[in-house]
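Trainee: Here it is: the structure, laid out below.
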Amino acid sequence: MVKCPECGSENIYRDPKTGDYICKKCHVVLSEDQIDMGKDWRSFDGSEKLDNVSTGSPMKFTKMNKGLETMIERSGRDNRGNKLSTKSRAQMYRLIKWHKRSSISNSMQRNLSIALTELRRMASYLNIPNSLIETSALLYRKTVEKGLIRGRLIEAVVAAVLYSVCRTYNVPRTLNEMAEASGLTKKEIGRTYRFIVKELDISVPLTDPSYYISRFVSVLNLSADVEAKGKKIVKKAVSSGLISGRGPTGVAAAAVYIAALMCGERRTQKEVANVAGVTEVTIRNRYRELKSKLNLKVDA
């Protein structure tokens, strides 16, 4: 916080006309002739705002050339809005075709072209936020620059990158979901994920099982009481050290199963297992551990 050097007051304001920073208490000018970083035009609707913008679109890592490339329009019209002749239109389409080909001139660019398309497809399938898609695209570019994709499937690397970003930013997506979206096996994605995390030295936090509780409760059509009870059980399990070495989805599924029994909204182990993407054996094992270690009174 900026303080006035004369009176020590923190009540500083900026004069919009002169650009000066002035102390409201003793009226000392702290700095003057500051550059106004705001826009020098006004807009009253969306179309005017777009027309007056002078900086172009922001950089995007999900686009081939980060959104900074020049594109040739396919409108078939000249600058005056008149239609081009058939001969000129054919010539323009040939230019567009060769322009696209020249923008993908080496193996790295070809790889990025395929991978970024696959990344957007998988992210859309898994309903991942745009901010995380951009982060995943940046991370994939790093793997390409370091040569970590050599000998590996593009789909596996894309799935592994998405999975690591989701875990880092606490967006619960399981390996089963990644496998379903990519058409690969959990084993292949998991192996690629561990390799990328190790080579890029990425610090991925342990997944909190409570992040999965809300999703499982919603799919099983259970009440808010079950969700609250399940999160409470998971919190006790984490503080007691019961989740170490155990899959977070299995712990979350068992907590939801126990919470549903305690709230009188019984669901079978098979129903919970299908939603969580784990086996009934896993749920039974986690159920016994949580019940005995946390002294839970459950009417099975």
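Trainee: Determine the shape class of the stretch 127-169: with a ≥ b ≥ c the square roots of the Cα gyration tensor eigenvalues, call it rounded for a/c under 1.5, and otherwise prolate if a/b is greater than b/c, oblate otherwise. Kindly include the intermediate steps, with their values, before the conclusion.
Mentor: Details: a/c = 2.37, a/b = 1.76, b/c = 1.35.
Since a/c reaches 1.5 and a/b is larger than b/c, the shape of the stretch 127-169 is classed as prolate.
Trainee: Among 130-141, 265-276, 106-117, what's the highest-first ranking by average C-beta atoms within 10 angstrom per residue?
Mentor: Numbers: 130-141: 18.8, 265-276: 16.8, 106-117: 14.8.
Ranking the peptides 130-141, 265-276, 106-117 by packing returns 130-141, 265-276, 106-117.
Trainee: Let a ≥ b ≥ c be the square roots of the eigenvalues of the Cα gyration tensor of the stretch 107-199; is it rounded (a/c under 1.5), or, if not, prolate (a/b larger than b/c) or oblate?
Mentor: Rounded, because the longest to shortest axis ratio a/c is under 1.5.
Trainee: Grab the beta carbon distance between residue 110 and residue 169, set R0 = 25 Å, and tell me the FRET efficiency rounded to 0.05. Intermediate values should be presented prior to the final figure.
Mentor: Working: r = 29 Å, r/R0 = 1.17.
Working from the Cβ atoms, E equals 0.30.
Trainee: Of 60/87; 60/83; 17/60; 3/60; 270/293; 186/291, which sit over 27 Å apart, Cα to Cα?
Mentor: Violating the 27 Å Cα-Cα cut-off are 60/87; 60/83; 17/60; 3/60; 186/291.
Trainee: Next up: Determine the dipole magnitude for the stretch 107-199: charges of +1 sit on the beta-carbon of Lys and Arg, -1 on that of Asp and Glu, nothing else is charged, the reference point is the Cα centre, and the result goes in debye to the nearest 20.
Mentor: 280
Trainee: In addition: Take each of the peptides 81-92, 145-156, average the number of other beta-carbon atoms within 10 Å over its residues, and list them starting from the highest.
Mentor: 145-156, 81-92
Trainee: Another question, if that's okay. If the chain between residue 187 and residue 266 were fully stretched, how many nm would it gain, using 0.36 nm times the residue separation less the Cα-Cα distance?
Mentor: 25.1 nm
Trainee: A further question follows. Say R0 is 35 Å: what FRET efficiency, to the nearest 0.05, do residue 127 and residue 288 get from their beta-carbon distance? The partial results should precede the final answer.
Mentor: Values: r = 34 Å, r/R0 = 0.97.
Here the calculated transfer efficiency is 0.55.
Trainee: Fully extended, how many nm does the chain gain between residue 153 and residue 224 (0.36 nm per residue separation, minus their Cα-Cα distance)?
Mentor: Here the answer is 21.4 nm.
Trainee: Put a dot 7 Å past each Cα toward the Cβ at residue 7 and residue 195; how far apart are the dots in nm?
Mentor: 6.7
Where a number appears in this text, it was derived from the coordinates with a stated rule and is not lab data. In this text the structure is predicted, and so the values were computed from the model without any measurement. Cβ atoms come from the backbone with ideal geometry, glycine included; neighbour counts cover every protein chain shown.
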